[in-house]
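Here's the structure, in structure tokens; my notes come after.
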Amino acid sequence: MVITFTLNCLDSAGKLTSANTTLTVTKNLSKPTVALSASSNLVAQGARTKLIWSSKNTLYCKAIQGGNKYFTRNNRGGTALSDPITGPSLYQISCTGNGGTVNSKTILVNVLYPTAHISAIPTRVVKGHSTTVSWNASNVKSCSIARNGKTWLKPLTSKSSGTISGSKSDTITEQTIYKLTCINNAGTPVTSTQIVNVAQIYREF
């Protein structure tokens, strides 16, 4: 686009003198660029990740995957926390400028699902003797252990790493079923069961 400016002046005799100048305005037709990343591509189920994006030579950006709540049209760069992630999630944005439209690479954020395991040594015990019950869990928020359907240990709170582990001795008088139940930040439960039997004692006559 060309713009012409005209300057008109009168001298002392009243004579009009004019001068013209032109200014050419061009659009930035450089191809836009966009970069998208996540602070973590692997999170515990129910956790969040930080989305980070930037662009150049763009007028606006919009979400292709991941939701417009993170990538607003007027925000050509920035950071945002995702919603709690409960399953593998994809994020991608598209940015448009005078030089065209370009899509970012697709970001995949995977989740670590909760795990739990309970065991006992030994699993066959003479009545009145004891067994040692051990448990461990990962990517969890809290756990509890039931003994023959009744609460035995509760609550067990995870460390900052999302892990829980421990052991305890228990006297066996009958067949005993231990059940470990854990949940994570997404409320997903995971269980593990261990049965300890009473050994039969045979006497010679």
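Are any of the residues in segment 82-89 under 30 Å from Pro189 (Cα atoms), assigned by TED's automatic domain parsing to the domain that holds Ile177 and not in a strand (DSSP E or B)?
No; the residues of segment 82-89 include none that is under 30 Å from Pro189 (Cα atoms), assigned by TED's automatic domain parsing to the domain that holds Ile177 and not in a strand (DSSP E or B).
When you check Thr151 against the structure, is it of a type in the set (Val, Ile, Thr) and over 14 Å from Lys179 (Cα atoms), yes or no?
Criteria not met by Thr151.
Name the single residue, out of those in segment 156-185 being surrounded by 12 or more Cβ atoms within 10 Å (Cβ to Cβ) and at pLDDT below 90, that is nearest to Ile118 (Cα to Cα).
Ser158
Could you please find all residues in segment 132-168 being under 19 Å from the mean Cα position of the chain (by Cα) and of a type in the set (Val, Ile, Thr)?
Within segment 132-168, Val140, Thr163 meet the criteria.
Sort out which residues of segment 130-142 are without any contact (Cβ under 8 Å) to a residue 40 or more places away in the chain and surrounded by 20 or more Cβ atoms within 10 Å (Cβ to Cβ), and write them in order of number.
Ser138
Being part of a loop (DSSP other than H, G, I, E, B), closer than 30 Å to Lys141 by Cβ and at pLDDT below 90 is the requirement here; does Gly67 meet it?
Criteria met by Gly67.
If a residue has to be of a type outside the set (Ser, Thr, Tyr) and either closer than 30 Å to Ala137 by Cβ or not assigned by TED's automatic domain parsing to the domain that holds Gly66 (or both) to count, how many in segment 98-114 make the cut?
Of the residues in segment 98-114, 7 are of a type outside the set (Ser, Thr, Tyr) and either closer than 30 Å to Ala137 by Cβ or not assigned by TED's automatic domain parsing to the domain that holds Gly66 (or both).
Which one is nearest to the chain's Cα centre (by Cα) among residues in segment 66-83 that are surrounded by 14 or more Cβ atoms within 10 Å (Cβ to Cβ) and under 22 Å from Gln45 (Cβ atoms)?
Ser82
The values are calculated or read from the model by the stated rules, or taken from the named source; none is laboratory data. Just so you know, these numbers come straight off a predicted model, no measurement behind them. Using ideal geometry, Cβ is built from the backbone for each residue, glycine included, and neighbour counts are taken over all protein chains shown.
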